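This report concerns only the one structure given below.
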Amino acid sequence: MKGTIHSAAPQAARAVAGGKAATGRRLACLAIAAALLLAAFPAGVFAAGNVVSVSTGAELDAALTNAPTGSTIVLLADIDAVSSATYPGKTLTIDGGGFTVDGKGIEKSTIRFAGTSDITLKNIAIKNCVGNIRYGGGGFAIFRGTLAVSNASFINNTSLQGDGGGVLIDGGGGSIVNSTFYGNSTAANGGAFAAAGDVTLVNNTIVGNTAGTNGGGIFNNSRTATHSNVAYNNIIVGNTAVAGADAYRFKDAGNNLLGLVGSAEANPLDPPEASSIYGIGASDAAAWLAQAPASNGSSLPTIALLDAAGSPAVDKANALVAPSADQRGVARDGAPDIGSYELLKASSSVVNGGRLTADAAQITNPTDVSFTLSAKLAALDRINTIEAVFDFDAANFTASAQVLSSAYDVASASVNQETGKISLLIGVVKEQVISYDEITALARATLTVKDGQKPAEARLALSKFAIYSEGSSVNATVIAGEAGTGLAYPGALPLDVNNDGAVDAGDLSLALYYFGAVQTDATWAAQSAADVNYDGRVDMVDIMMIVSAIHAAV
């Protein structure tokens, strides 16, 4: 909004400064132009120069429709997509910032561009979108143009008619790099991805997608070798279709893992490269591939490589074309892995591992308590990543975490509130070295007491701490696996339910009024005052504690 307003104001200012008084008609025109631009972007969309930030589905829909060509659209939050018409062709960059667009199964929630377009799509997850347009496209679609995708996840998208359950590039070309496709489906061709042009695929993981006809994984609509999907370092296994279960018409550029079965159309347009492996079945892949997408230390879902002996994906990618980091931002080592996920290899060069300390002995409202993760590292040889996993009490606390230094190329912290885990990744690109010879603060985690809860203590457990570098296989040592601190709740005497400075019959009366309340009640924030033993319920134990205190005072 601010950028839109400012785009008109300088014009009026220059007219006055130039000694030419703006006429009433000119001012009116400027006002109308500003109003039209404001109307194009609903409240909450901020345009600064050619960058548009969005936080809701309506804002994203308006930005894709109205943002001028050359703009960058940045997501500031997870977004529920809206049912929308096809967007006009233009040049755009869409940076998800690690957030997700969720179609919630709504028809026409596909992000779909008509006309000549040049779209860059990165750092985003697109899931549960449904396309029901004849030409296809479930999660993302582009016509007559180019699409460059990197570090993206396409999960459970559907094209009810036409090609491309996850992504469709129809009549153009582009690239897909470091991305994950899982659970996408189409009634036609290309369960994960379909194209009718030259598309290069590098280090993608394409698993568990379905097509009603051809190419459960990838599909190219061209019948000539001049237009095809050129594949390097991809995992394409466990997909299903009538013909070409995993891939249908593509060029094998080497270092791919494929489970091709079916008709001759399923085979690559050129002879298979010797560095690729064919015929991998879903059951074989299950031994070394975690087929359900998960955070794996990142806000975007990925499919992990399991640390299983004999995995054909580990250390088998072409290092000359593999990106320097995987989809999560984890640096790849000198022998990178096939697919979008790099399996970390633990280092034995650690003097001491992770140490947790509480930043404060007592806390005050607002009820936050922080913990610092420190480590002492030896001179590590070509370190890639430090990984840490914390466990916290999700019933009583919400959690957040941050990396304390900006000097790292990899620095991500994700919280899973449902499982009570914080995952931290810190690292540098493979050409650099981290070397610390003293205890160094790496990250800080903060626990915030949930509304209505009064836990007696905040604790954080460091359940995993590992240093990953080239050529070693021993996990780091955890020095202090757990740290805690008592919590204080100022502003009321113990057992003073009504907070009037005394424990008397008024407190007993209020506790009896709240008797039977539990912390799942909608009004627990008020009722919790009578939970004097902080066990999440108001029961006879609380009543007897108040009665005893009143008698003691008498």
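The values are calculated or read from the model by the stated rules, or taken from the named source; none is laboratory data. Values in this document were obtained by computation on a predicted structure and should not be read as measured data. So basically every Cβ, Gly included, is an ideal-geometry build from the backbone, and we count neighbours across all protein chains shown. Keep in mind that these areas ignore ligands, DNA and RNA; they rest on the heavy atoms of the full protein, side chains included. Shrake-Rupley method; radii C 1.70, N 1.55, O 1.52, S 1.80 Å.
Stokes-Einstein, applied to the Kirkwood radius of the stretch 187-238 over Cα pairs at a viscosity of 1.567 mPa s and 4 °C, places its translational diffusion at 117 µm² s⁻¹.
Inter-label distance, Val518 to Ser55: 3.5 nm, where each label sits 7 Å from its Cα along the C-beta direction.
Computed 3J(HN,Hα) for the stretch 295-309, one whole-Hz value per residue from the Karplus formula 6.51 cos²θ - 1.76 cosθ + 1.60 where θ = phi - 60°, is 5, 6, x, 9, 6, 9, x, 9, 9, 6, 7, 7, 7, 9, 4, glycine and proline marked x.
Cα-based values for the stretch 45-202, radius of gyration first and Dmax second, are 13.6, 42 Å. For Lys464, the solvent-accessible surface computed with a 1.4 Å probe is close to 80 Å², ligands and nucleic acids excluded.
Residue ranking by accessible heavy-atom surface, 1.4 Å probe, largest first, among Thr86, Thr302 comes out as Thr86, Thr302.
With a simple spin-label model that places each label point 7 Å from the Cα along the Cα-to-Cβ direction, the separation between Ala552 and Asp307 comes to 5.1 nm.
Per-residue accessible area for Thr116 at 1.4 Å probe radius, Å² rounded to 10? Ignoring ligands and nucleic acids, Thr116 comes out at about 110 Å². For the cross-link pairs Lys421/Lys450; Lys104/Lys316; Lys104/Lys251; Lys90/Lys122; Lys251/Lys316; Lys127/Lys454, which exceed 27 Å when the distance is taken from alpha carbon to alpha carbon? In this structure, Lys104/Lys316; Lys104/Lys251; Lys127/Lys454 lie more than 27 Å apart at Cα.
Provide the FRET efficiency to the nearest 0.05 for the Ser406-Ala292 pair, computing r from the beta carbons and using R0 = 22 Å. Efficiency, rounded to the nearest 0.05: 0.10. Summarising the amide proton neighbourhood of Val51: residues at separation of 5 or more, or on other chains, whose placed amide H is nearer than 5 Å comprise Thr72.
Computed on protein heavy atoms with a 1.4 Å probe, the accessible areas place Glu273, Glu418 in the order Glu418, Glu273, largest first.
Out of all Cα-Cα pairs in the stretch 170-299, roughly what percent, to the nearest whole number, are more than 17 Å apart? Here the tail beyond 17 Å accounts for 51 percent of pairs. The listed residues Glu342, Glu107, Glu387, once ranked by accessible area (1.4 Å probe) with the largest placed first, stand as Glu107, Glu387, Glu342. Distances between placed amide hydrogens fall under 5 Å for Tyr248 paired with Ile218, Phe219, Asn220, all partners being 5 or more residues away or on another chain. Taking amide H positions as modeled 1.01 Å from N, with prolines and chain starts lacking one, the residues under 5 Å from Ser179 and 5 or more places away or on another chain are Asn151, Ala152, Asn204, Thr205.
Reducing the stretch 91-165 and the stretch 439-455 to their Cα centroids gives an inter-centroid distance of 37 Å. You can think of it this way: the chain between Ala319 and Arg144 has 59.8 nm of extra reach, that is 0.36 nm per residue less the Cα-Cα gap. Counting only protein heavy atoms and using a 1.4 Å probe, the accessible area of Tyr135 comes to about 120 Å². Sorting the Cα pairs of the stretch 120-222 by distance into bins of 5 Å, from 0 upward, gives 4, 17, 29, 29, 18, 3, 0 percent per bin. Each Lys or Arg adds one and each Asp or Glu subtracts one; over the other residues with Cβ under 13 Å from the Cβ of Thr146, this totals -1.
If R0 is 22 Å, the Cβ-Cβ spacing of Thr65 and Glu107 corresponds to a FRET efficiency of close to 0.75. Working from label points 7 Å from Cα in the Cα-to-Cβ sense, the Ala525 to Ala77 distance is 1.7 nm.
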